[in-house]
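Taking it in order: structure first as structure tokens, then the write-up.
The values are calculated or read from the model by the stated rules, or taken from the named source; none is laboratory data. Remember, it's a predicted structure, so these values are computed and weren't measured experimentally. For neighbour counting, all protein chains shown are included, and Cβ atoms are generated from backbone atoms with ideal geometry for every residue, glycine included. The protein model used for the area step is the full one, side chains on, heavy atoms only, and it has no ligands, DNA or RNA in it. Shrake-Rupley method; radii C 1.70, N 1.55, O 1.52, S 1.80 Å.
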Amino acid sequence: MTVSKSVLLKQLPTDLDRDRLPNHVAVIMDGNGRWAKRQGLQRIMGHRRGVDTLKNILRCCKDWGISALTAYAFSTENWGRPSEEVEFLMMLFERVLRRELAEMIEEDVRIRFVGNLAGLPQSLQAEIERSMTATKDNRSVQFTIATNYGGRQEILHACRAIATQVQQGKIDPERVDEELFERHLYTKGLPSPDLLIRTSGEMRISNFLLWQLAYAEIYVTQTAWPDFDREEFHAALRAYQNRDRRFGKVKV
Ligand code: IPE
Ligand code: IPE
Ligand code: MG
């Protein structure tokens, strides 16, 4: 790539309004398997290509000034897939983390994993711990990866934690409000996503961020995740900027 083209790519496309960008974008990275099949490849090759897409979109967030990106990498339901695919994914997460950590530190990216992390392989848990600790003070982009994540399970986890504190007399039930509840979610400290992107056409949430997506704008593209590039992301942001976010109100 020539220097001038790479400089151009870093700039926010001129038809986007810098002041109305989403603060937080969430993505359901779907369609890796179908993409691979269409190329006559094994499903796992789609997951491998999906990693490149994620890196590219993360870089794009940094270049364009979007401060939080959350990606759905593995759901609590995904354990139901063939064991070879599950094992491949766990190995891939670990390998990618190890390979990319130095660059994430250099790029000032804060990495956070959300989900039932204790249910992941020990060696992956160790890599996750290392990456979260090493990047905890980074500020350019908050990059969250949902792994062994389920929205219902997250809500139950919060309920149990709050119930225990109520039982111990530490919290008055009257004080359980939205703000307190959010402090018990895995995503504590992150703003709710403004935009949810789902690739590969499915019109569902698949147990992702059930609480946090309450008022997110939803954008679904037919493009499979391995083919989701800067142009596609640009199109999603353009669509987002054309939405009228009413939050239940009416214009007077
Ligand atoms: C998304 O792609 C990645 C994960 C769920 C890990 P899929 O693997 O769901 O791909 P499709 O939906 O079968 O094409
Ligand atoms: C959602 O995709 C989960 C991830 C992207 C990690 P799935 O492919 O698992 O969702 P369903 O099965 O189509 O609902
Ligand atoms: Mg899928």
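The table below lists the values:
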| quantity | calculated |
| --- | --- |
| Filtered residues of the range 29-44 (kept if of a type in the set (A, V, I, L, M) and near ligand 1 (Cβ under 6 Å from one of its atoms)) | M29 |
| Residue within the range 145-166 that is hydrophobic (A, V, I, L, M, F, W, C), in contact with a Gly (Cβ under 6 Å, 6 or more places away or on another chain) and under 28 Å from I44 (Cβ atoms) present | yes |
| Residue match in the range 57-80 (condition: more than 16 Å from ligand 1 (Cβ to nearest atom), over 25 Å from I205 (Cα atoms) and acidic (D, E)) | yes |
| Residue list for the range 36-68, filter: open to solvent by less than 50 Å² (accessible area, probe 1.4 Å) and within 15 Å of ligand 2 (Cβ to nearest atom) | A36, I44, G46, H47, G50, V51, T53, L54, I57 |
| Candidate set from the range 17-35 (those that are hydrophobic (A, V, I, L, M, F, W, C) and in contact with a strand residue (DSSP E or B) (Cβ under 8 Å, 6 or more places away or on another chain)); member that is farthest from ligand 2 (Cβ to nearest atom) | V25 |
| Residues satisfying the stated conditions in the range 205-235, i.e. outside any loop (DSSP other than H, G, I, E, B), more than 13 Å from ligand 2 (Cβ to nearest atom) and touching a Phe, Trp or Tyr at 6+ places or on another chain (Cβ under 8 Å) | E217, Y219, D227 |
| Within the range 48-74, tally of residues that are more than 13 Å from F228 (Cα to Cα) and of a type outside the set (A, V, I, L, M, F, W, C) | 8 |
| Only listed residue being charged (D, E, K, R), more than 14 Å from the chain's Cα centre (by Cα) and at pLDDT 95 or above, chosen from R48, R59 | R48 |
| Any hit, the range 139-162, residues being closer than 22 Å to D177 by Cα and in contact with a Pro (Cβ under 8 Å, 6 or more places away or on another chain) | no |
| Qualifying positions in the range 202-222 - away from ligand 3 (no atom under 14 Å from the Cβ) and open to solvent by 50 Å² or more (accessible area, probe 1.4 Å) | L210, W211, A214, Y215, I218 |
| Helices (runs of 4 or more DSSP H) lying entirely in the range 1-72 (those with 1 or more residues that are among the aromatic types (F, W, Y)) | 32-38, 43-64 |
| Which numbered condition W225 fails, given (1) away from ligand 3 (no atom under 16 Å from the Cβ); (2) within 26 Å of L101 (Cα to Cα); (3) among the aromatic types (F, W, Y) | (1) |
| Matching residues, the range 187-201, being touching a residue at least 40 places away in the same chain (Cβ under 8 Å) and either open to solvent by 50 Å² or more (accessible area, probe 1.4 Å) or assigned to a strand (DSSP E or B) (or both) | P191, S192, L195, L196, I197, R198 |
